[in-house]
Amino acid sequence: MKKNNLITPEGTHDLLFEECLARQAVENKLTSAFRTRGYNEVMTSCLEYYDVFDPDASGISPEEMYKMTDRRGRLIVMRPDSTLPIARLVATRLQNHQLPIRLFYNQPVYRSNPGLAGRLDENAQAGIELMGASGIRADLEVLTTAVEALSSCCPDFRLELGHAGFFREFARQLPISEEEREDIRCAIETKNYAALDTILDSLPQTMAVSGMRQLPRLFGGEEVFQQAKEVCPTKAALETLSYLHQVYHAVQDLGLGSHVIVDLGLVQRNDYYTDLIFTAYTEGYGDSILFGGRYDNLLARFHCPMPAIGFGIDVEALTRIALSKGHYNAPPAAQVLVYGENGYSIKALAHARALTHQGLRCETSVAETREEAEAYARSLGICRLDVVGARISEVLL
């Protein structure tokens, strides 16, 4: 049987040198943005019980989860999402904490993606969760934090605003099954007009059908709201549109208008989103680099009902973008190589430690001879060799 001991599993990869530097830099910038906004870091277990991600509530299909069993035969999964475990954590360990609760995370998630999807199965993510706060003030706090966090890593991005209730209200007016509803959602998400028309043509041509047909075309600026108003089938849809309009104006007043557009065809994949939703894209990268929204009903699943809103950022994507722009190169070589002659190894180590305390990047040589140490230093571009014996001599190479 062929052994797979020289490759990583599909959907995973190793990081080398400048890739590690870029990843750490992105994570540090995001962490700084979150901390300065008053958010505190939490880490959840990589392994969670399957019940935490019940597909009926999470919108994550069983096929996407990496599953295994514990020693008692209970089904567990590798964390495919961070919001649900944090909701569990808040409901158990922070249920008596002063509200609102501001949390952030920086940890990988694991999803089994189709082989040709171009996405990693192990994906580094960072994000925030604001729990126990509702209303426009909380929504704007999270939106501005998202803009500030992305601006620190990737200034050229576009944030799209939508509302989960908009699609939901249109779908409620249609005589369709859950399967047909999901087909319509997928067609709108991918802006597949042909597939959408095929489904809607088979339905009675009501105002709701006409409006649903227009959803993927309703994106842009201020003009979108008037266009959408003309196709709203119910009072609830109009109220949803009015709230989104209010948020959009507030974002403009905050000076963030250059980054933000409205997209009423923004339909959530995760079923736990209830109201405002948003996503971000950047030029030259096909997938979204951020996705978030309000999920006011989620914590009730964990017997701790409270409003909540948050977002997740694709750290892996921001790392690739930074590398593609040449922002990070391979780490520089050491400034000094310390070689200890026979009998002076301890003295050489002490000398190297003294150099590092001075702020120099320093390696100690494990070569048997001075000639080998010099050859090693030249091969790596190390320009200084300190030879430690009865006395210490400095050689410039």
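The values are calculated or read from the model by the stated rules, or taken from the named source; none is laboratory data. Quick caveat: nothing in here was measured; it's all calculated off a predicted structure. Quick reminder, even Gly has a Cβ in these numbers, built from the backbone with ideal geometry, and neighbours come from all protein chains shown. Note: accessible area is taken over every heavy atom of the protein model, side chains too, but ligands, DNA and RNA are not part of it. Shrake-Rupley method; radii C 1.70, N 1.55, O 1.52, S 1.80 Å.
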Legend entry - Folded to 0 to 90 degrees: helix 315-324 orientation relative to the chain principal axis, Cα: 60 degrees
Inset, instruction - Would you mind calculating the relative contact order of the chain from Cα pairs under 8 angstrom and at least 6 residues apart, reporting the percent as a whole number? - result: 18 percent
Legend entry - Estimated [θ] at 222 nm from DSSP helical runs (n ≥ 4, -39500 (n - 2.57)) normalised by residues in the chain, nearest 500: -11500 deg cm²/dmol
Inset, instruction - Treating the angle as unsigned and between 0 and 90°, give the value, to the nearest 10°, between the Cα long axis of helix 178-189 and the longest Cα principal axis of the chain. - result: 60 degrees
Inset, instruction - Give, rounded to the nearest 20 debye, the magnitude of the charge dipole that region 336-396 has about its Cα centre when Lys and Arg contribute +1 at Cβ and Asp and Glu contribute -1 at Cβ. - result: 260 debye
Inset, instruction - Be a star and scan region 296-319 for residues whose amide nitrogen sits under 11 Å from the point 7 Å along the Cα-to-Cβ vector of Y49. - result: none
Inset, instruction - With a point put 7 Å past each Cα toward its Cβ, work out how far S177 is from D201 in nm, to one decimal. - result: 2.1 nm
Inset, instruction - Tally up the carbon and sulfur contribution to the accessible surface of the chain as a whole percent, 1.4 Å probe, everything protein left in place. - result: 51 percent
Inset, instruction - Could you list, in their original order, any pairs among K2/K67; K29/K229; K67/K325 whose Cα atoms are separated by more than 32 Å? - result: K29/K229; K67/K325
Inset, instruction - Please identify which residues in region 46-60 have an amide N closer than 16 Å to a label point set 7 Å out from the Cα of T69, following the Cα→Cβ vector. - result: 49-51
Inset, instruction - Please work out how much length the chain gains when fully extended from E189 to K3, using 0.36 nm per residue of separation minus the C-alpha to C-alpha distance, in nm with one decimal. - result: 62.9 nm
Inset, instruction - Would you mind checking region 334-358 for residues with the amide N under 17 Å from a putative spin-label position 7 Å along Cα→C-beta of L380? - result: 334-341, 348-357
Inset, instruction - Give the residue from L360, Q95, L161 lying farthest towards the positive end of the charge dipole for the chain; charges sit on Cβ (+1 for Lys and Arg, -1 for Asp and Glu) and the dipole is referred to the Cα centre. - result: L360
Legend entry - Theoretical gain in end-to-end length, A236 to K325 [0.36 nm per residue, Cα-Cα removed]: 27.5 nm
Legend entry - Given the chain, longest segment not containing exposed loop GluC sites (Glu not before Pro) (DSSP; at most 12 other Cβ within 10 Å): 11-221
Legend entry - Degrees separating the helix 83-93 axis from the principal Cα axis of the chain, which is the longest one: 80 degrees
Legend entry - Signed unit charges on C-beta, dipole axis of the chain, positive-most listed residue S345, L218, S202: S345
Legend entry - Test item: Cα-centred dipole of the chain, Lys/Arg +1 and Asp/Glu -1 on Cβ, debye: 960 debye
Legend entry - Reachable aspartates and glutamates from K347, criterion Cα separation under 20 angstrom, eight or more residues apart if same chain: E363, E368, E371, E372, E374, D386, E394
Legend entry - Of the trypsin sites (Lys or Arg not before Pro) in region 37-73, those whose Cβ has at most 15 other Cβ within 10 Å and which sit in DSSP loop: R71, R72
Inset, instruction - Would you give the gap between the C-alpha center of region 247-323 and the C-alpha center of region 169-221, rounded to a whole Å? - result: 22 Å
Legend entry - Dipole-positive endmost among Y272, S134, I184 within the chain (Cβ charges, Cα centre): S134
